[in-house]
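First up is the structure itself, then whatever we jot down about it.
The values are calculated or read from the model by the stated rules, or taken from the named source; none is laboratory data. The structure presented is a predicted model; accordingly, all values stated were derived computationally and were not measured. Neighbour counts run over all protein chains shown; Cβ positions are idealised from the backbone, glycine included. Note: areas computed on protein heavy atoms with side chains; ligands, DNA, RNA excluded. Shrake-Rupley method; radii C 1.70, N 1.55, O 1.52, S 1.80 Å.
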Number of protein chains: 2
Amino acid sequence: MSANLSDRENQDSSPQTRIERQMQAMGKRARAAARHMAAAEPGAKNAALFAIAEALIAGRSSILAANARDMRDGRDELDTALLERLELNDKRLEQMAEGLRQVAALADPIGGITDLNYRPSGIQVGRMRVPLGVIGIIYESRPNVTADAAALCLKSGNAAILRGGSEATHSNQAIAACISRGLTDAGLPADAVQVVETTDRAAVGALLRMPEHVDVIVPRGGKGLIEFVADNAQMPVIKHLDGVCHVYIDDDADIEKAIAIAVNAKTQRYGTCNTMETLLVADSIAEDVLKPLSQDLRQAGVELRGCQRTRKLLGASVKPAADADWAEEYLAPVLAIRIVDHMDEAIDHIETWGSHHTDAIVTESVTKARAFMRAVDSSSVMVNASTRFADGFEYGLGAEIGISTDKLHARGPVGLEGLTSLKYVVFGDGHVR
Amino acid sequence: MSANLSDRENQDSSPQTRIERQMQAMGKRARAAARHMAAAEPGAKNAALFAIAEALIAGRSSILAANARDMRDGRDELDTALLERLELNDKRLEQMAEGLRQVAALADPIGGITDLNYRPSGIQVGRMRVPLGVIGIIYESRPNVTADAAALCLKSGNAAILRGGSEATHSNQAIAACISRGLTDAGLPADAVQVVETTDRAAVGALLRMPEHVDVIVPRGGKGLIEFVADNAQMPVIKHLDGVCHVYIDDDADIEKAIAIAVNAKTQRYGTCNTMETLLVADSIAEDVLKPLSQDLRQAGVELRGCQRTRKLLGASVKPAADADWAEEYLAPVLAIRIVDHMDEAIDHIETWGSHHTDAIVTESVTKARAFMRAVDSSSVMVNASTRFADGFEYGLGAEIGISTDKLHARGPVGLEGLTSLKYVVFGDGHVR
């Protein structure tokens, strides 16, 4: 990009200023591309998605070579888990391509008009679904996010500026080249998806400071990244912080369902945000539930930490839970357990210690299910189902850019609709007030 | 409120710290009240709205006395327009009470579940409309906002912290006492609507710095206030900045409709955000439209500023328009006029200089109406109607807390729905993944 700047300018400026200028230029190009994308027909957007999928498969060898370089560069610095996330192979490339084709198959979210009604004045008022404009996405090691995020932004008629992890820089550039080619092949502006080239962290700061060019930022990654973005972005942020999810097993629970749900919510996967971290059990049913359940959980290798009553019931092999346990997202085979007197105490616990992500009640009582559903202020509230269902694909969104724990705009799993907005449309025939 | 703090604490702390502590305590009470309000039945909320209306009428003499004191205090400092806004009388009190009754008559927005569908896994997934939680509203001189804003927050199941202008402090406190009484009479927590008592500006800063207690801030007032809030709030802001609204008169416009709409959009009221500030006219129709229109506008006392082509057509009595004119929200009997070659140039002008508030096209061409509607990225886009229709009441929202020029969450006129969010609800029967 610095080719766009004269040599003189480059010599004059500090690296920070130069990067800011590069990012500003990128933002302007994105804004111009966003106008094209907003008006693009569904057919053109889908053609681009298929063309990108094709380019990824055709570009197989250059992508894998670039990825091998990232893997080599990272060998000494990155741990096994990070290297595992960074690695691309034939299967992962095919999954990326298939993901693009699946997004193409989704209904086009843009341009639909709803609630078009005549008003007493004679005008007709409705709402049209429109793109947000330019979306900035900041993410960490997985290079497949480059293709996934591009696909969702493209389908929803937005332009995107993508900033991946520096450890995946060569992989991301190789994927970006395929995206560019696919967009151009379909007659759409290549600037509709731009991948930041520099690995300088100043680029992130510059991106967060240009609200005139970027309408919303989506950070995807660890808590440190998300907090940094939330604290520094001058535009709205769609973000996901903690997932401290609860299952409350009520007096009126069916014990078999309760045990199945608790085991699944804790053990199906440990590292996901919708995994149960705290189990709440009504006192009157605690013995019948916790004795068999604790055996199942221990067999699965889950460490139990409990309140006093839980330890009295299950024995001292259950470690004592401190206040910090109620607030912690373990993301590990650890479960905090608390026995409560009744549902209201469970709701109080959830509202006090939870993260408003996903919380479930197990009960056969319609009355209590209704009350819990209404009182718990979380992005997903469930009755007799595992918290692990809180997911864009399970909910039928067809795709997911992340799960939002914010209350405004998008709440819970965010699919294409979360990358759009509604504007009012008014039709008259010379009407005046 | 300082009665809640011990004397020792008061003595120890600087005014700033004391105010911060007061605001924190207020925030905690609001959060607790919000939980009650979220579960409150429609009947109780409506009963409170009627009871507040009654209390306002019954409290007539004390409210008018408090208002007289504000008027007396402000006599030397405030200009006539501000004093006019500040003044209460029998008619305005009755309007406030009637506004409360009208909000009671609206459909309850909370708890409705939509899109409840079975998924392949067997779970049922839907979305429930829920309150945002605690809403902070910061506004200027009009004391009626205290009752209006309280009504909307209450009806939408939220708790509110209201901070009015210091010039209206006695009026606002008197109205707050009526709100309190109405809430209590209906069995709802009085803390559901709290009015900040201190006139110290530090209270505003403290309010903006407690995202743990306040979910969203709505600033209502001049641009200075709104920019201060947007820059300093640590929570999302629903805000309205400029209203630089355009009418574009196309080649294919009906000339009579075009003139009627342009006159109405400019002259019906000058000081409103949905008033036209720039008129764009297609070259081929300019003479037929602008000659009669300019006479009408001049008769109404509107000063005209035009591009070169406009001045060539209408004469040198039209002042030359500088770039600054295209960006200005006059809020006055002044109109900028520009002749463009075609619709695309008009759209470019709107996207370059506009504020994405409300923009209209006058045309008989279906093709151009469709293209304009799609391409113009404003909160309201109109065909053959006056921009003055961009209003919550005209759109059928039943009430309006403001007009948002943001893209995320609420866009355009914001009614009750803008004070709510959607959470996912999931029903299963022991379902696991």
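Numbers at a glance
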read-out	value
Those residues of the range B:284-316 which are surrounded by fewer than 14 Cβ atoms within 10 Å (Cβ to Cβ) and without any contact (Cβ under 8 Å) to a residue 12 or more places away in the chain, in sequence order	B:GLN295, B:GLN299, B:LYS312, B:GLY315, B:ALA316
Selection from the range B:189-215 of residues that are within 14 Å of chain A (Cβ to nearest Cβ) and surrounded by fewer than 22 Cβ atoms within 10 Å (Cβ to Cβ)	B:ARG209, B:PRO211, B:GLU212
Residues satisfying the stated conditions in the range B:133-175, i.e. at pLDDT 95 or above, among the hydroxyl-bearing types (Ser, Thr, Tyr) and surrounded by fewer than 24 Cβ atoms within 10 Å (Cβ to Cβ)	B:THR169
Residue count for the range A:320-334, restricted to those that are under 12 Å from A:THR267 (Cα atoms) and among the hydrophobic types (A, V, I, L, M, F, W, C)	3
Residue check for B:GLU394: assigned by TED's automatic domain parsing to the domain that holds B:LYS266 and charged (D, E, K, R)	no
Test set (1) at pLDDT 95 or above; (2) among the small types (Gly, Ala, Ser); (3) touching a strand residue (DSSP E or B) at 6+ places or on another chain (Cβ under 9 Å) - B:SER365 fails condition number	(3)
Filter pass, A:ARG338 being of a type in the set (Lys, Arg), more than 8 Å from chain B (Cβ to nearest Cβ) and either assigned to a loop (DSSP other than H, G, I, E, B) or touching a strand residue (DSSP E or B) at 6+ places or on another chain (Cβ under 7 Å) (or both)	yes
Contacts under 8 angstrom Cβ, first residue in the range A:409-433 being under 24 Å from B:ASN274 (Cα atoms) and without any contact (Cβ under 8 Å) to a residue 60 or more places away in the chain, partner among the β-branched types (Val, Ile, Thr) and open to solvent by 10 Å² or more (accessible area, probe 1.4 Å), 6 or more apart	A:VAL432/B:VAL263
Qualifying residue in the range B:100-117 (condition: of a type in the set (D, E, K, R) and either part of a helix (DSSP H, G or I) or outside the structural domain of B:GLN173 (by TED's automatic domain parsing) (or both))	yes
Strands (runs of 3 or more DSSP E) wholly inside the range A:378-430 containing at least 2 residues that are more than 7 Å from chain B (Cβ to nearest Cβ) and at positive phi	none
Subset of the range A:63-119 that is open to solvent by 40 Å² or more (accessible area, probe 1.4 Å) and of a type in the set (S, T, N, Q) - its residue that is nearest to B:LEU397 (Cα to Cα)	A:ASN117
All helices (runs of 4 or more DSSP H) inside the range A:11-77 with 3 or more residues being of a type in the set (D, E, K, R)	A:15-39, A:60-74
Selected residue (only one of B:VAL426, B:VAL432, B:VAL366 is of a type in the set (A, V, I, L, M), open to solvent by 20 Å² or more (accessible area, probe 1.4 Å) and under 30 Å from A:ALA258 (Cα atoms))	B:VAL432
Hey, A:ALA346 more than 25 Å from the chain's Cα centre (by Cα), assigned to a strand (DSSP E or B) and in the same structural domain as A:ASN384 (by TED's automatic domain parsing) or not	no
Residue check, B:ALA324 loosely packed, with under 15 Cβ neighbours inside 10 Å, outside any loop (DSSP other than H, G, I, E, B) and outside the structural domain of B:ARG220 (by TED's automatic domain parsing)	yes
